[in-house]
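The structure appears below as structure tokens.
The values are calculated or read from the model by the stated rules, or taken from the named source; none is laboratory data. Just so you know, these numbers come straight off a predicted model, no measurement behind them. No Cβ is skipped: glycine too gets one built from the backbone with ideal geometry, and neighbour counts run over all protein chains shown.
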Amino acid sequence: MNQKGPPDSLIKSALPSASYHLTPHGAAQPVWPGFLTGQAEQPVRVLLVDDDAPMRREIARELLADRRVCLVGQGSSVREGRQLISQSDFDVLLVDLNLGDGTGFALIEHLKTVRPAAEAIVISAMEDAQHALRAFELGATGYLVKNSWFGSFPQAVLQVVNGGASITPNLARRLLGKFEPAGGSAPAAANPHKARDVLSEREKAVLTLVAAGHTSTDIGTRLGIGSQTVNTHIKNIYRKLNVHNRAHAVSFAATHGLF
């Protein structure tokens, strides 16, 4: 791979920190900003596919404990995962890589074919950079190593649906070492002289609002489209310009007169 900077999936989401208040029973509940995706009255819908039954139960317990998240289905194999993806309305797929009848990579590929707007987060026992990079190449926006501290599964889900990414910190550090430092060459599109014609008018509008510092939710409101559609446009912009995060996309656009 000839990458000149870390992919978006290595960048920790800059979502606001949740504050907390105590319920009458003394349990701390997160106060989630109203402009973010994932509210108690409209939770983020999640599918979970993992053939490790004890781990699947633990993940499910965490998800069910957060009212901002709704676990709509569980499976333990590629076959069950394909059925769930085809038959369920959902926003995020949590998937293990080692499944009894295949790999999570196959499910991510299937997901991006039939439901490209849905997010995918890998949950794996393998803290391996090559597996993580493969998952990101297929369209995953998170990679969590089992039995390591990284936050929580609901937090990871909420990060990716709000335009961010989630990755186990130790793995992120190892992956960052594979890319050139900030002083390296800037990324360039495959054909920079035709960059202006590569992007659609809607993609240019999205990129202009990204450059102005707006979140995916803000951009969706301004353009009259959903935040998930905005994120799909952003991913297409990355692919067309051969960049890997918002900062690089904005820098490239400014350099090549796309605004």
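Figures for the structure shown
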item	result
Every residue from the stretch 138-175 that is among the aliphatic types (A, V, I, L, M) and not in a strand (DSSP E or B)	Leu138, Ala140, Ala156, Val157, Leu158, Val160, Val161, Ala165, Leu171, Ala172, Leu175
Test: residue in the stretch 175-188 that is surrounded by 12 or more Cβ atoms within 10 Å (Cβ to Cβ), modelled with pLDDT of 85 or more and of a type outside the set (A, V, I, L, M)	no
Residues of the stretch 49-85 that turn out to be of a type in the set (A, V, I, L, M, F, W, C) and part of a strand (DSSP E or B), as a count	5
Residue that is farthest from Asp50 (Cα to Cα) [pool: residues in the stretch 77-103 that are modelled with pLDDT of 95 or more and among the small types (Gly, Ala, Ser)]	Gly81
Counted residues, the stretch 89-124 - those being assigned to a loop (DSSP other than H, G, I, E, B), touching a residue at least 40 places away in the same chain (Cβ under 8 Å) and surrounded by fewer than 16 Cβ atoms within 10 Å (Cβ to Cβ)	4
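Per-residue answers, yes or no, for (1) farther than 18 Å from Leu158 by Cα; (2) of a type in the set (Gly, Ala, Ser):
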{"residue": "Ser76", "(1), (2)": "yes, yes"}
{"residue": "Glu80", "(1), (2)": "yes, no"}
{"residue": "Val92", "(1), (2)": "no, no"}
{"residue": "Val95", "(1), (2)": "no, no"}
{"residue": "Ile121", "(1), (2)": "no, no"}
